[in-house]
1. Which far-off residues, 5 or more places away or on another chain, put their amide H under 5 Å from the one on Asp90, with H placed in the peptide plane?
2. What dipole magnitude, in Debye to the nearest 20, does the chain give about its Cα centre under +1 on Lys/Arg Cβ and -1 on Asp/Glu Cβ?
3. Counting Lys and Arg as +1 and Asp and Glu as -1, what is the net charge of the other residues whose Cβ lies under 9 Å from the Cβ of Gly89?
4. Can you show me the helix-derived [θ] at 222 nm for the chain, built from DSSP H runs with n ≥ 4 at -39,500 (n - 2.57) apiece and divided by the number of residues, rounded to the nearest 500.
5. Where the only charges are on Cβ atoms (+1 Lys, Arg; -1 Asp, Glu), what is the dipole of the range 121-223 about its Cα centre, to the nearest 20 debye?
6. Among Ser55, Ser36, Ser128, whose mean-square fluctuation peaks in a Gaussian network model of the chain (Cα, cutoff 10 Å)?
7. How large is Rg/Rh for the chain, to two decimals, with Cα atoms and a Kirkwood Rh?
8. Once amide H atoms are built 1.01 Å from N in the peptide plane, which residues 5 or more positions from Gln193, or in another chain, come under 5 Å H to H?
Amino acid sequence: MTNAVRSLLIAGLALCGPLTGYLNAQEEPPVVSPGSKAGQPPSDAIVLFDGKDFSQWEKVRGGEVGWKLEDGAMVVTRSGNIKTKESFGDVQLHIEWAAPAEVKGQGQGRGNSGVYLQGRYEIQVLDSYQNKTYPNGQAGAFYGNNPPLVNASRKPGEWQTYDIVFIAPKPGEDGKSVIPGSFTVFHNGVLIQNHVTVSGKKTTAAVLSGAAAKGPLVLQDHGNPVRYRNIWIRPL
Ligand code: MG
């Protein structure tokens, strides 16, 4: 072996060592097939509503869902909030909704509904197309907490999307403090909540008591015939 070849071999080994270490340091992420179109569920999602039935849902107060099924959508009737049978912690959620095409009422009385993560934290559903209300109560607001960054609403009757990343608040190591959660939300593809903090006195109490580790997804019946379709969730 010539000195030159030996030097090359040594250089090669020196390079391979760290590279192999680097490659082995992290697990390979699982393979997921994305939906065939934007908004369609990826292969690892739990489909909560595909337009066919309420098999994943029940009334918040128990019993069968009273909402209507119509043209592949669920429609709010005056029969109460509904919730998923399953409970969730940290999630990615996709949900599509439409305010009634026939415009009735104003402010909070127009196309009002809501998407509650863990049955606690509401991302507001409202017809906010040319409809003024208080900012932390308009469409896409973390209700009562944080207004959306912009109003990305479509016209009443048109389908709209929310893509939500929700990280639940969790108990801190000392058992007394709470690690805040967060909301990141896209409305019709537009970022409207950018890693907004989920915390507060009530939240702290619920988290520390263990009552807020997981919870169902709840959809609000506010008395307006809002429609929902294509709902899927990915526990994180
Ligand atoms: Mg609401």
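1. Correct list: Ala168, Leu236.
2. Values: 23 positive and 20 negative charges, 113 e Å.
Using Cβ point charges on Lys, Arg, Asp and Glu, the chain gives about 540 debye.
3. Details: positive: Lys170, Lys214; negative: Asp90.
Residues near Gly89 contribute +1 overall.
4. Working: 2 runs with 31 residues, N = 236.
After summing the helix terms and dividing by the residues of the chain, the value is -4500 deg cm²/dmol.
5. Working: 8 positive and 7 negative charges, 35 e Å.
That gives a dipole near 160 debye.
6. Most flexible of the set in this elastic network: Ser36.
7. Details: Rg = 23.0 Å, Rh = 19.8 Å.
Using only Cα positions, Rg/Rh for the chain is 1.16.
8. Those qualifying (amide H under 5 Å, at least 5 residues apart or on another chain) are Leu149, Val185.
Read-outs: derived from the displayed coordinates by stated rules, not from any lab. Predicted, not measured: the structure shown is a model, and the values here were computed from it. No Cβ is skipped: glycine too gets one built from the backbone with ideal geometry, and neighbour counts run over all protein chains shown.
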